[in-house]
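Contents: one structure, followed by commentary.
Only the coordinates and a few stated rules stand behind these numbers; no lab work does. Just so we're clear, the structure is a prediction, and the values are computed from it rather than from any experiment. Ideal geometry is used to build each Cβ from the backbone, glycine not excepted, and the neighbour counts take in all protein chains shown.
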């Protein structure tokens, strides 16, 4: 018995001290945490956040937006020119851009990718922003071949590195929509577009052109990528990046503290920040996001009290956003009072918040003829901030004689309830584009107008705003439209949360973009331990 | 005997068919579909429509079910709607790491439970027996989840001796590395399973020990060891086999606690996320597979009874 015990203890010690150094790889390694793994590596079928994050490592974008101002910046397209007609752009591709099999990345790849996106069998999300290209809608309706053959009338290849893209009508946000990545035409042009998502390319990614190349994908564990020596902006400094799937945040934190993880991206809990900041080996980074949370009001049911604008105004008078920011987000966010985000160039800093005035809210409610009112508020499981906002609203509403029943739903059931309009109030998030184009969500004819919001004047203003590229004029129009939207109270905007990242303090040049964690990853660098003070 | 086994087999097939039909109905009755418009994202209603069309999800339910059934008979379990890859492949990717953990834990726990259970039962009310009882009660009462987190805090954080998550260090993956990663989840699982099994083993043996025929053989002056091995164990085996056989299906469906707390890359979490995401082919295949395992385990238990206990023949 005793001998067995001794053997056990010895074995245990062996495990604990066992070989710790990496053997299979050379160069520096960076370990990034993720809650789940990607579904696909194909850059035109990104529907989940893990796939989108990984795409930032493996694929170069045509254009990027500035992480601070959101203005379009060169990337694969090194320059562009808008001709006199205000419709035709000429783009120049980077001289050194090439695929990892050595073939140059050419305008043929760009034209092919655009055809794939406009193909009737394409089921990714990229078509809507690109439907302004001349011939795009015709191609979608009339193209018959299962492959993305033929051509789009608006896309003309001038030479290997120059392409002309003509729009069917002036569309100012167009450049901001070119942040997607191209597909290699020489590999995929024979593949039927309907089969493209399930094609081996989406899994094995034998050829790509981004800062990193796929080395290994252990489906349930991690994605390993290796620096691309021929990346057109220069070989990245860090040789290996491991994107590890760790399903719970506590474990991620412990791994970070134990020095086995270098980045916990985006969703570090605000209540952990204080402790993490005290650790000299860990740095906290924040950046604003292009996502806001808002309270959606279902005013579509005719018999609902919410069809009455006054009742909706009452709701808008209840929540103190500053209190939410201070108490629930611990300051890591900004209050929001309208659909334009502080990052947008059209954002109106001078806009004053609605006053939180419970007595006035009560008077207005009685005036509207609802001395008593019962409403149902739904939100999804697993978001404590939204949960607390719901409770806060319930409490405030109770004090003016409005009863709000809170219902917690599983994610898919929640989405179904929202899509079917089976709710009075719902707390939702919404991702917005880098361009402030309000027509996407608020124009009555837009496919993105999920609230079925309708206001003729807003339609006119937002439609006019995309026809000019003058920022000053667009700002004016968007601010007018925003005022009108806010007055109609189709929703109550709550806050924009900051992305909070915890990283190894030795990681340098880490400057995440609101849309992309691995923005400019080729410039990242891990200082050696001696270099740090 | 063969006839009765055959009848059991036919019953099993019927049950499996019922399970698949019920799963199919329940799955489609649940709100939502895999590419449901997510209002938080940019979305394209026409693309969603085309996506459903290409995957025949716009067909009437009955024809969807029949086409699924006919494909299953041809051995085609379909492609995952999320991953766009064959479901069987996805299961095969995740099963080995699950089995590595669950089978090891199962064998260790059962072995320990039998040895210690016998030891405790034959020395009823001794300090060791009481210790085992208390320990198993504690093992049952303490949530695995909590126990796992305590272990992580102790051995990965306070005294950073062991890795806290995953199956291996990315880029390493040697046997030793995997063993080190396995240690904590294994310990938690063995502790939980052992606590369950040991109570069964102990009470099964005590039951037999109190039977008249044991008193009779004892009065014939047989040695205690002989009594134990020739008379007690074979008779106590049936409840032990039952509990062991009925835990078998669980080995194949994952170890949720280990997968969540220790980030073990197993099959259980994938099953749950697929269900949440309404990945229909995955849900159908996994349910069929689980139901088959349960049926097989029952079958196995019955067959073992036949082997061990002459009365059941």
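Structure values in brief
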{"quantity": "Likely footprinting exposure, A:232, B:17, fewest C-beta neighbours within 10 Å first", "calculated": "B:17, A:232"}
{"quantity": "Computed label-point distance, nm, for sites residue A:248 and residue A:233 using a 7 Å Cα→Cβ extension", "calculated": "3.8 nm"}
{"quantity": "Rounded if a/c under 1.5, otherwise prolate or oblate - the range A:487-533, Cα gyration tensor axes", "calculated": "prolate"}
{"quantity": "Footprinting exposure proxy for A:65, A:36 (fewest neighbouring C-beta atoms within 10 Å first)", "calculated": "A:36, A:65"}
{"quantity": "Chain A: calculated mean residue ellipticity at 222 nm from DSSP helix runs of at least 4, using -39500 (n - 2.57)", "calculated": "-8000 deg cm²/dmol"}
{"quantity": "Contact order relative to length of the range B:236-313, as percent, for alpha carbon pairs under 8 angstrom and 6 or more apart", "calculated": "38 percent"}
{"quantity": "Distance between modelled label sites at residue A:160 and residue B:146, nm, 7 Å Cα→Cβ extension", "calculated": "6.8 nm"}
{"quantity": "Sites residue A:309 and residue B:246 - FRET efficiency at Förster radius 60 Å, r taken between beta-carbons, to 0.05", "calculated": "0.45"}
{"quantity": "Using alpha-carbon coordinates, inclination of helix B:280-308 to the longest axis of chain B, degrees", "calculated": "20 degrees"}
{"quantity": "Degrees separating the helix B:233-252 axis from the principal Cα axis of chain B, which is the longest one", "calculated": "20 degrees"}
{"quantity": "5 Å binning of all Cα-Cα separations within the range A:369-428, expressed as whole percents from 0 upward", "calculated": "4, 19, 29, 21, 15, 8, 2, 0"}
{"quantity": "Length-normalised contact order of the range A:34-100 in % [C-alpha pairs under 8 Å, at least 6 apart]", "calculated": "18 percent"}
{"quantity": "Label-point separation, residue A:528 to residue B:53 (7 Å along Cα→Cβ), nm", "calculated": "6.1 nm"}
{"quantity": "Chain B: C-alpha gyration tensor shape, a/c 1.5 cut-off, then a/b vs b/c", "calculated": "oblate"}
{"quantity": "Cα pair distances of the range B:237-313 binned at 10 Å [whole percent]", "calculated": "18, 36, 27, 14, 5"}
{"quantity": "Antiparallel bridge percentage (DSSP; both residues within the range A:212-314; nearest 5)", "calculated": "100 percent"}
{"quantity": "Length added when fully stretched, residue A:300-residue A:271, from 0.36 nm per residue minus Cα-Cα", "calculated": "6.6 nm"}
{"quantity": "For A:69, A:462, order by how many other beta-carbon atoms lie within 10 Å, fewest first", "calculated": "A:69, A:462"}
{"quantity": "Shielding by partners, peptide A:246-254 (average Cβ within 10 angstrom, other chains)", "calculated": "6"}
{"quantity": "Percentage relative contact order, chain A, counting C-alpha pairs under 8 Å, at least six apart", "calculated": "19 percent"}
{"quantity": "The range B:98-229 pair-distance distribution - Cα-Cα, 10 Å bins, rounded %", "calculated": "12, 32, 27, 16, 9, 4, 0"}
{"quantity": "Extension reserve of the residue A:352-residue A:81 stretch, reckoned as 0.36 nm per residue once the Cα distance is removed", "calculated": "93.7 nm"}
{"quantity": "Three-way shape label, chain A, alpha-carbon gyration tensor, a/c 1.5", "calculated": "oblate"}
{"quantity": "Kirkwood Rh and Cα Rg combined as Rg/Rh, the range A:63-180", "calculated": "0.95"}
{"quantity": "Counting DSSP beta bridges with both ends in the protein assembly as shown, the antiparallel % (nearest 5)", "calculated": "75 percent"}
{"quantity": "Rounded to whole Å, sorted largest first: equivalent-ellipsoid semi-axes of the range A:319-369, Cα gyration tensor", "calculated": "26, 16, 8"}
{"quantity": "The range B:166-238: radius of gyration and largest Cα-Cα distance (Dmax), Å", "calculated": "20.7, 65"}
{"quantity": "For the range A:395-533, the Rg and Dmax computed from alpha carbons only, in angstrom", "calculated": "21.2, 64"}
{"quantity": "Size descriptor, Kirkwood hydrodynamic radius, that averages inverse alpha-carbon separations across the range A:424-479, Å", "calculated": "12.1 Å"}
{"quantity": "Largest-first principal axis extents of the Cα set of the range A:281-382 (Å)", "calculated": "59, 35, 25"}
{"quantity": "Value of [θ]222 nm, deg cm²/dmol, for chain B, DSSP H segments ≥ 4, -39500 (n - 2.57) each, nearest 500", "calculated": "-23500 deg cm²/dmol"}
{"quantity": "Alpha carbon Rg of the range A:146-226, scaled by the compact-globule rule 2.2 N^0.38 Å", "calculated": "1.40"}
{"quantity": "Scattering profile of the range B:28-105 at q = 0.16, 0.22, 0.23, 0.25 Å⁻¹ [log10 I(q)/I(0), Debye over alpha-carbon scatterers]", "calculated": "-0.81, -1.11, -1.16, -1.23"}
